[in-house]
Amino acid sequence: DTEVTQTPKHLVMGMTNKKSLKCEQHMGHRAMYWYKQKAKKPPELMFVYSYEKLSINESVPSRFSPECPNSSLLNLHLHALQPEDSALYLCASSQGGGGPQETQYFGPGTRLLVL
Amino acid sequence: LAKTTQPISMDSYEGQEVNITCSHNNIATNDYITWYQQFPSQGPRFIIQGYKTKVTNEVASLFIPADRKSSTLSLPRVSLSDTAVYYCLVGEGGYQKVTFGIGTKLQVIP
């Protein structure tokens, strides 16, 4: 199984809502990543979890809150988002402790629209 | 981290070989070079990775000159399904930050 799954595929939320994005992998990978991708732009790294510990937070606003309940699961909790947060949110995993030299397996993403 | 520079876009006819060059003048000794492919509304997909000289797999080849300040992704005999954005990444093992460059949008023409 070389698949990273993400749910939901699409999400529409108001600025006062609280929602969560979910990512799952069963490849035994020990690093998991959240990226944000705006239209026609490259993915931007948000967070990296390595061995279930948050190792990189790229100065992401606190309205985004990541969580790694176990080595297979990664959540992104959303609260009080702004319309400019509308984007494709991508989850990825890699085998070791993380880093650009490791092959990352990406999920299909969650398309988020904030109204 | 080494910054990468790629052409923003390229066009190619079906059946041709396509070469996309990435410049990374500040590449460090421990840096690997990795290429990803991304289709619209999908996550990127790993294509190939190399450190020096030439690497080939079932979908592409990666040419890296001796000074490693650039690399060239070669796609043999492209088809319409190769229309995508191709990203070059350079980064050091053990350092977790991953930075995608702007990517090259390849349009394959019938």
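A few notes on this one:
- A straight line joining the Cα centroids of the range A:66-115 and the range B:58-107 runs 22 Å.
- Reach of A:Lys22 by Cα under 20 Å, taken over lysines that are not fewer than 8 positions away in the same chain: A:Lys9, A:Lys36, A:Lys38, A:Lys53
- Averaging 1/r over every pair of different alpha carbons in the protein assembly as shown and inverting the result gives a Kirkwood radius of 18.0 Å.
- Taking only the Cα atoms of the range A:1-62, the ratio Rg/Rh comes out at 0.98, with Rh defined as the Kirkwood radius.
- For chain A, A:Cys68 stand unpaired, since no other cysteine beta carbon lies under 4.7 Å from theirs.
- Calculated FRET value between A:Val12 and B:Thr29, using beta carbons and R₀ = 45 Å, to 0.05: 0.40
- Relative protection proxy for A:94-100, B:20-26, from highest mean packing down: A:94-100, B:20-26 (other beta-carbon atoms within 10 angstrom).
- Residues A:Lys19, A:Lys53, A:Lys41, sorted so that the one with the fewest Cβ neighbours within 10 Å comes first: A:Lys53, A:Lys41, A:Lys19
- Spacing of the modelled spin labels on B:Arg77 and B:Asn19, each 7 Å from Cα toward Cβ, amounts to 2.0 nm.
- A simple spin-label model places the labels of B:Lys54 and B:Ser41 4.0 nm from each other, with each point 7 Å out along Cα-to-Cβ.
- Reciprocal of mean inverse Cα separation for chain B (Kirkwood radius, Å): 14.0
- R0 of 25 Å, Cβ-Cβ distance A:Lys22-A:Ser55: FRET efficiency to nearest 0.05: 0.80
Any read-out appearing in this document is the output of simple, stated calculations on the displayed coordinates, not a laboratory observation. In this text, all values refer to a predicted model and were calculated from it rather than measured experimentally. Positions of Cβ are backbone-derived with ideal geometry, glycine not excepted, and every protein chain shown enters the neighbour counts.
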